[in-house]
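J.: Below you will find the structure I want to go over with you.
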Amino acid sequence: MDGAASSSCAIEERRIDSVSVVAVAGVVDMLTAPDLEKAIAEAAKNSPTAVVVDMSDVEFLASAGMGVLIAAQDELSPAIRFAVVADGPATSRPLKLVGVTDVVDLYATLDEALGALTS
């Protein structure tokens with residue numbers, strides 16, 4: 001990876017019933033983590049019952065991105081549940097190794113997360 005092209009990240013927010021889903025693709029590192037932080041804050045503004053960060057299409061997750069997830073868990077209103085969708089070596093493995101999953105609910109698929117958060 002060359003330095004300029006390595007930090008590309010696409011973030012899209014959508015609403016599924018009462019849940020705000022922040023879908024992230026590409027690289028989440030120190031350059032793109034602030035964009036993720038902003039997207040999570042925006043997603044929480046419309047009083048959802050939950051915010052789900054879908055990292056199914058993330059190719060690389062740096063510690064800066066993990067920090068954003070932990071901060072989001074702490075900063076969201078207690079009335080808003082927070083979860084992360086991640087499955088695979090680039091996302092769920094580092095989240096488990098670093099201990100983020102001790103603080104944030106982790107699901108393998110978006111359907112699984114939505115099922116758990118809307119029941």
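The values are calculated or read from the model by the stated rules, or taken from the named source; none is laboratory data. It should be emphasised that the depicted structure is a prediction, and the values quoted were computed from it without experimental measurement. Glycine also receives a Cβ, built like all others from the backbone with ideal geometry; neighbour counts cover every protein chain displayed.
J.: Looking at Phe60, Phe82, which one is within 12 Å of the chain's Cα centre (by Cα), surrounded by 16 or more Cβ atoms within 10 Å (Cβ to Cβ) and either among the polar types (S, T, N, Q) or outside any helix (DSSP H, G or I) (or both)?
T.: Phe82
J.: Right, Pro34: assigned to a loop (DSSP other than H, G, I, E, B), modelled with pLDDT of 95 or more and not aliphatic (A, V, I, L, M) or not?
T.: Spelling it out, it is not the case that Pro34 is assigned to a loop (DSSP other than H, G, I, E, B), modelled with pLDDT of 95 or more and not aliphatic (A, V, I, L, M).
This table checks each residue for (1) farther than 20 Å from Gly115 by Cβ; (2) out of contact with any strand residue (DSSP E or B) (no Cβ under 9 Å at 6 or more places or on another chain); (3) in contact (Cβ under 8 Å) with a residue 60 or more places away in the chain.
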residue	(1), (2), (3)
Val19	no, no, yes
Ala25	yes, no, no
Val28	yes, no, no
Ala39	yes, no, no
Met55	no, no, no
Ser63	yes, yes, no
Asp87	no, no, no
Pro94	yes, no, no
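J.: While we're here: Go through the stretch 4-41 and give me each residue that's acidic (Asp, Glu) and exposed (fewer than 14 other Cβ atoms within 10 Å of the Cβ).
T.: Glu12, Asp17
J.: Could you figure out which of (1) outside any helix (DSSP H, G or I); (2) in contact with a helix residue (DSSP H, G or I) (Cβ under 8 Å, 6 or more places away or on another chain); (3) surrounded by fewer than 17 Cβ atoms within 10 Å (Cβ to Cβ) isn't true of Asp54?
T.: The failed condition is (3).
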